[in-house]
Amino acid sequence: MVPFEQCPVCGHEMMRKEVEKLVRGGKHTAVITVKAEVCAHCGERLYSKETISQFEQIRLRLSRQETAQFQLMGQTFKIVLSGA
Ligand SMILES: [Zn+2]
């Protein structure tokens, strides 16, 4: 279930935490609350294979507009900043 006990990027210990993951499909975005292994040092996140395949299913459903079972949270805005 747990892919790594140590961070593959920096070698520090991974901790199981609840995180928010943004998944985009077509014009839609879903905010998914999910458990992941998170590196306390560099912030690297690792998801289980099962979780990643669930992300893919959600992405597919978003792009097909199959969103009836998802809870609507609000609107998503696109803002492009031109910088200084
Ligand atoms: Zn790390």
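Every number in this text was worked out from the coordinates using simple rules, so none of it is lab data. If you're wondering where the values come from, they're calculated on a predicted model, not measured in any experiment. Methodologically, a virtual Cβ is constructed for each residue, glycine included, from the backbone with ideal geometry; neighbour enumeration extends over all protein chains shown.
With angles folded into 0 to 90 degrees, how steeply does helix 49-63 sit against the dominant principal axis of the chain? Use alpha carbons for both and round to 10.
With rounding to tens, the tilt is 10 degrees.
Could you tell me the relative contact order of the chain? Use alpha-carbon pairs under 8 Å, at least six residues apart, and round to a whole percent.
Worked out over the chain, it gives 27 percent.
Taking every pair of distinct Cα atoms and averaging 1/r, then inverting, what Kirkwood hydrodynamic radius in Å comes out for the chain?
Kirkwood radius, the chain: 14.7 Å.
Report the net charge of residues surrounding Lys17, where surrounding means a beta-carbon distance below 11 angstrom and charges are Lys +1, Arg +1, Asp -1, Glu -1.
0
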